[in-house]
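First comes the structure, then the notes that go with it.
The values are calculated or read from the model by the stated rules, or taken from the named source; none is laboratory data. Since we're looking at a predicted model, the values are computed, not measured. Note: ideal-geometry Cβ built from the backbone for every residue, glycine included; neighbour counts use all protein chains shown.
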Amino acid sequence: MSKVYERQKQARKDLQQLWEHPEQVSVIHYSCEGFYERPDGSSPRITSIAVRNLKTAQTQSFSIHKYSELKGLSAGELEGHYNELEKEMLKNFFALAQERKEHKWLHWNMRDENFGFHALESRCKILGGEPYVIQDVNKFDLSRILIGLYGKAYIAHPRIESLRDKNKISSRNFKTGAEEANLFDQKNYVALHQSTLAKTDLLSNFCQLAYEGELKTNATWRDQYGHSVNAFMSWFSYHPLIGFGVVASSLVANIIFFLQLFIGGAK
């Protein structure tokens, strides 16, 4: 069995798992300080986290500016309380994660201590908190799922922006990672938070379109299926027109069968 066939099979299995119970899927994205130009080697500060329910689109968000408002701090006072506010934000996020320990977590490239669940855990520990560890088996990386379905060349880099434009999805508040880092430096925490929310919306849209077979990409037939016999069988098995043809043929066959019984019984 070809690697392409196995790759697609696993990607479809992952999508199927997510949509079996979408009410138990949390779509997550977060923003942070810039990764680069950190000569002291310190980890980037987490600035906001958004968690969206895949089925209902209900979204819970956590951000340092929200917690500063709750504590009655002015915008000018926020910077002097970064550690306190970030710790409070992460504490509340991990409390939600523990409440949703049965959930599947859909994300985009959140895979390491530079950017990922481990980075969130690390920041929480650095600030003196105790993170709840989400099990790896419950983490689903949409970026890898889409590569599994369509191949590595399915869309140009940067992939989120390119995929958004290809599918004509509106995302007014969306900012790139570099733009988000600049927003933090400019202390524009509201725009930074809105960008985080916009990205969970995009990920949810991509996931639904891929599941429904409606996601537009640049992938060629060969990118998706390769050129082996197994690849052809994969295409044959999952192509919607083939599926419709099989169902229609079965229906026609059953109608003919019952007509024959009826005509034969009437003689």
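Of everything in segment 45-63 that's in a strand (DSSP E or B) and either not assigned by TED's automatic domain parsing to the domain that holds Val27 or not hydrophobic (A, V, I, L, M, F, W, C) (or both), which residue is surrounded by the fewest Cβ atoms within 10 Å (Cβ to Cβ)? Among residues in segment 45-63 that are in a strand (DSSP E or B) and either not assigned by TED's automatic domain parsing to the domain that holds Val27 or not hydrophobic (A, V, I, L, M, F, W, C) (or both), the one surrounded by the fewest Cβ atoms within 10 Å (Cβ to Cβ) is Gln60. For Asn92, the conditions (1) closer than 23 Å to Val25 by Cα; (2) at pLDDT 95 or above; (3) crowded, with 16+ Cβ neighbours inside 10 Å all hold with the exception of (3).
I'd like the residue in segment 23-44 that is outside any loop (DSSP other than H, G, I, E, B) and touching a Lys or Arg at 6+ places or on another chain (Cβ under 7 Å) and, out of all such residues, is farthest from Asp112 (Cα to Cα). My answer is Glu23. The numbered conditions (1) out of contact with any helix residue (DSSP H, G or I) (no Cβ under 7 Å at 6 or more places or on another chain); (2) surrounded by fewer than 17 Cβ atoms within 10 Å (Cβ to Cβ) are all true for Val133 except (1). No other residue among Glu77, Glu113, Glu99 is in contact (Cβ under 8 Å) with a residue 24 or more places away in the chain, over 19 Å from Ser195 (Cβ atoms) and exposed (fewer than 15 other Cβ atoms within 10 Å of the Cβ) apart from Glu113. Among the residues of segment 212-244, those that are modelled with pLDDT of 80 or more and either of a type in the set (A, V, I, L, M) or surrounded by 16 or more Cβ atoms within 10 Å (Cβ to Cβ) (or both) comprise Leu215, Thr217, Ala219. The residue that is surrounded by the most Cβ atoms within 10 Å (Cβ to Cβ), counting only those in segment 160-189 that are more than 18 Å from the chain's Cα centre (by Cα) and small (Gly, Ala, Ser), is Ala181.
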